[in-house]
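Working notes, beginning with the structure itself.
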Amino acid sequence: MIALIHWIAGVVVLAEALNKLERTQPCRRGLRPRERATEWLKAIAWALLAMGGAGAFITPFFPLQAPTFQDMCVVLGFALLIVRTRIKEG
């Protein structure tokens, strides 16, 4: 059950992270230094979440270490925040 929840949550996190990463523009012209730093931090954070989601996604297909309860909780927490935001937006 933990593996299934981990996988589904990973798919949600990966999809949202790739969506947000596509919209992040840290090299856009006209940004002030603070805005540029914020965009870079956002891009790095979404890239890390995309890698984590991708790891959760591929875990069942490769002989990797099984997800722990802690792994599942972290990925599921992010997935629930993403779903909550989408529901809130309508």
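The values are calculated or read from the model by the stated rules, or taken from the named source; none is laboratory data. Computed from a predicted model, the values in this text were never measured in an experiment. Positions of Cβ are backbone-derived with ideal geometry, glycine not excepted, and every protein chain shown enters the neighbour counts. What goes into the accessible areas is simple: the full protein's heavy atoms, side chains included, and nothing from ligands, DNA or RNA. Shrake-Rupley method; radii C 1.70, N 1.55, O 1.52, S 1.80 Å.
The magnitude of the dipole of the chain, with charges of +1 and -1 set on the Cβ of Lys/Arg and Asp/Glu and taken from the Cα centre, is near 540 debye. Only one residue of Q25, I2, V74 has its Cα farthest out toward the positive end of the dipole of the chain, where Lys and Arg carry +1 and Asp and Glu -1 on Cβ, and that residue is Q25.
Estimated purely from DSSP H runs of n ≥ 4, each contributing -39500 (n - 2.57), the mean residue ellipticity at 222 nm for the chain is -27000 deg cm²/dmol once divided by its residues. Dimensions of the chain from C-alpha coordinates, computed as largest minus smallest value along each principal axis and given longest first, are 48, 32, 19 Å. The residues of the chain expose on average 73 square angstrom of accessible surface per residue, using a 1.4 Å probe on protein heavy atoms. Using R0 = 35 Å, the C-beta based FRET efficiency linking Q65 and A37 works out to 0.50. When the solvent-accessible area of the chain is split by element, carbon and sulfur atoms take up 69 percent of it, the probe being 1.4 Å.
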